Amino acid sequence: MEHNSTLDLPPGRNPTPRAQNGGSTEEEAPMSIDTTIVSVTTIEQIGQYAGQKVRLRGWLDTMRSSGKIRFLKLRDGTGRIQGVLTKNDAGEELFERTGHLGQESSLIVEGEVREDARAPGGYELLVSGVEIVHNAEGYPITPKDHGTDFLMDHRHLWIRSQRQHAILRVRAQVMRSISDWLDNHGFLRIDTPILTPSACEGTTTLFETKYFESSAFLSQSGQLYNEATAMAFGKVYAFGPTFRAEKSKTRRHLMEFWMVEPEMAFVDMWENMEIQEQMVSYVVQQCLQHRRRELELLERDLSKLEKIVPPFPRIHYDEAVQILRDKGVEFEWGGDFGGTDETVVSEQFDRPVFVHHFPAAVKAFYMKPDPDRPETVLGADLLAPEGYGEVIGGGQRLDDLALLEQRIAEHQLPTEAYAWYVDLRRYGSVPHSGFGLGVERTVTWVCGIEHVRETIAFPRTLYRLYP
RNA sequence: UCCGGAGUAGCUCAGUGGUAGAGCAACCGGCUGUUAACCGGUUGGCCGUAGGUUCGAACCCUACCUCCGGAGCCA
């Protein structure tokens, strides 16, 4: 992130190029930053420079003025620190010049790092020089309350705020931990196409786009392609965006969302679940370890996350139906779970719960039926606790040529388009399984927040394509 | 698509038939330890749009638009 990292240089001895003054609106104002050699650092690293003079480059978060003393809260993307400026120490000229800075003005600030119990974070900067790179006027997001719609209209600015930083950092950690776990367990990342000739699962509505003289669809899943790459490499995963043109309007839905989809040859439904619980536990524990500060800022109940360790409970669809009925929910065997159904079931457990053996009728055509009860499939959904709902859908795939051809016919799917997929059952078919984990839902759960739309920088919701 | 809620200052909202309001933001001034600072002042309005009822409509009625929450579908 930092181009001028000072990590491996002794403090105070790394000459950095003089900051350019091109964006300054000050006319012929003297450079108030002196030319002595001062370390450029980040707020994250500032503790290493206690008692020394440093230079920070960032944006003005808030400013409070009190006549002869001024507090400039600076953020630089790595953290926030309060700069203190007094008329006596800083001098009349500097004090006057910083009196009319708007929120989010970009600044290069120089000063001495001081430990101070009064400062949030333990350190503050005794400001001795300020270069105004750009003085911002009328920043729309004030420190007061705003509605979601207003904030979403200003999403490009909203992501500068502390809460959004915390969420997006947790997201990055979740994605990184997923990749780490899979890479360390013999999976090869092979990404699948986003432009596809036809529906993958044939269930949801797809976004259609021009493809020269014909049309193409934005992928709703890499699932089918993953099966091909798994037959080529054994253990694989795809990690990328997926698109669903469903008119879903809930706190769990986005039109564009990210999914990681591992697929494994010679793995059955039960082993599939073991892999999932290992990976999910690892991801949650890594977030606790590396993003604790962010989770605390979000006021997440960390004790709930600490419980996320294997094994996760596994219940049969029949049991789940019984739980619903015991809790007074009218539910007929054979249906899929709605949001509230998922909540009722998952609230019975303090860990994510697998619900397996769903009725075949509500699942995709490629799911393998249970030989003993063919009206159910060898698949499992993973429901996150605390009512966060389905974060994983997965299962064992149909590996029998004749049965797959029959299913494709039953679902009235175009045979030509699936010819390559059927081929996989013709040349060395093996039992195989996989799953798809929704990144935004997982991040929502880990963060303990209300809505998936804050877990991606620029969410695509039903009626929002801006910014 | 269906059900429910809401559109009033830049933002968050009050105002339920009789002169358009508050807090914050912005702007001016005061204050040497502020944490969503505080104090004084100034600016700021096609009350979502179009009809209708009424002497008179932000307010009542009708339609439409937009947003929010939920359902369905899904990760």
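So which residues in the stretch A:375-400 are out of contact with any helix residue (DSSP H, G or I) (no Cβ under 7 Å at 6 or more places or on another chain) and more than 17 Å from A:Val321 (Cα to Cα)? Hits for the stretch A:375-400 are A:Gly393, A:Asp399, A:Asp400.
Scanning the stretch A:423-440 for residues that are more than 30 Å from A:Glu454 (Cβ to Cβ) and either within 16 Å of RNA strand B (Cβ to nearest atom) or open to solvent by 10 Å² or more (accessible area, probe 1.4 Å) (or both) turns up A:Asp423, A:Leu424, A:Arg425, A:Arg426, A:Tyr427, A:Gly428, A:Ser429, A:Val430, A:Pro431, A:Ser433.
Pick out the one residue from A:Gly328, A:Gly395, A:Gly334, A:Gly338 that is out of contact with any Pro (no Cβ under 8 Å at 6 or more places or on another chain), more than 20 Å from A:Gly434 (Cβ to Cβ) and within 14 Å of RNA strand B (Cβ to nearest atom). Before you say what the answer is, go through the steps one by one.
Working: A:Gly328 fails: within 14 Å of RNA strand B (Cβ to nearest atom); A:Gly395 fails: more than 20 Å from A:Gly434 (Cβ to Cβ); A:Gly334 fails: out of contact with any Pro (no Cβ under 8 Å at 6 or more places or on another chain).
Among A:Gly328, A:Gly395, A:Gly334, A:Gly338, only A:Gly338 is out of contact with any Pro (no Cβ under 8 Å at 6 or more places or on another chain), more than 20 Å from A:Gly434 (Cβ to Cβ) and within 14 Å of RNA strand B (Cβ to nearest atom).
For the stretch A:425-450, residues that are more than 30 Å from A:Cys287 (Cβ to Cβ) and of a type in the set (D, E, K, R) total 2.
With respect to the conditions (1) within 16 Å of RNA strand B (Cβ to nearest atom); (2) within 30 Å of A:Asp400 (Cα to Cα), A:Pro369 lacks only one, and its number is (1).
For the stretch A:115-136, filtered to residues that are more than 34 Å from the chain's Cα centre (by Cα) and at pLDDT 90 or above, the residue that is farthest from RNA strand B (Cβ to nearest atom) is A:Glu131. For the stretch A:245-299, filtered to residues that are polar (S, T, N, Q) and within 16 Å of RNA strand B (Cβ to nearest atom), the residue that is surrounded by the most Cβ atoms within 10 Å (Cβ to Cβ) is A:Asn272. In this structure, A:Thr142 does not qualify as among the polar types (S, T, N, Q), in a loop (DSSP other than H, G, I, E, B) and open to solvent by less than 50 Å² (accessible area, probe 1.4 Å). Of the residues making up the stretch A:412-448, just one is over 21 Å from A:Gly240 (Cβ atoms) and touching a strand residue (DSSP E or B) at 6+ places or on another chain (Cβ under 6 Å), namely A:Val430.
Set side by side, the residues A:Ala402, A:Ala417 differ, and just one is among the small types (Gly, Ala, Ser), away from RNA strand B (no atom under 14 Å from the Cβ), within 17 Å of A:Glu227 (Cβ to Cβ) and surrounded by fewer than 17 Cβ atoms within 10 Å (Cβ to Cβ), which is A:Ala417.
For the stretch A:382-390, does any single residue satisfy the condition of being open to solvent by 10 Å² or more (accessible area, probe 1.4 Å), under 25 Å from A:Pro311 (Cα atoms), in contact with a strand residue (DSSP E or B) (Cβ under 6 Å, 6 or more places away or on another chain) and within 16 Å of RNA strand B (Cβ to nearest atom)? So far as the stretch A:382-390 goes, yes, one or more of its residues are open to solvent by 10 Å² or more (accessible area, probe 1.4 Å), under 25 Å from A:Pro311 (Cα atoms), in contact with a strand residue (DSSP E or B) (Cβ under 6 Å, 6 or more places away or on another chain) and within 16 Å of RNA strand B (Cβ to nearest atom). Taking the criterion of being in contact with a Pro (Cβ under 7 Å, 6 or more places away or on another chain) and outside any loop (DSSP other than H, G, I, E, B), the residues of the stretch A:412-467 that qualify are A:Gly434, A:Phe435, A:Arg453. Applying the set (1) farther than 30 Å from A:Phe365 by Cα; (2) assigned to a loop (DSSP other than H, G, I, E, B); (3) among the hydrophobic types (A, V, I, L, M, F, W, C) to A:Leu206 leaves exactly one unmet item: (1). Got a number for residues in the stretch A:313-332 being open to solvent by 20 Å² or more (accessible area, probe 1.4 Å) and within 20 Å of A:Gly394 (Cα to Cα)? The qualifying residues number 5. When the stretch A:206-244 is filtered for residues that are more than 13 Å from RNA strand B (Cβ to nearest atom), more than 19 Å from the chain's Cα centre (by Cα), open to solvent by less than 30 Å² (accessible area, probe 1.4 Å) and of a type in the set (Ser, Thr, Tyr), only A:Thr229 remains. Within the stretch A:341-365, the set of residues being within 12 Å of RNA strand B (Cβ to nearest atom) and among the basic types (Lys, Arg) comprises just one member, A:Lys363.
Among the residues in the stretch A:362-376, are any open to solvent by 20 Å² or more (accessible area, probe 1.4 Å) and among the β-branched types (Val, Ile, Thr)? Yes.
The values are calculated or read from the model by the stated rules, or taken from the named source; none is laboratory data. Note that the structure is a prediction, hence the values are computed from the model and not measured. Please note: Cβ atoms are built from the backbone with ideal geometry, for glycine as well, and neighbour counts cover all protein chains shown. Accessible surface areas use protein heavy atoms only, side chains included; no ligands, DNA or RNA. Shrake-Rupley method; radii C 1.70, N 1.55, O 1.52, S 1.80 Å.
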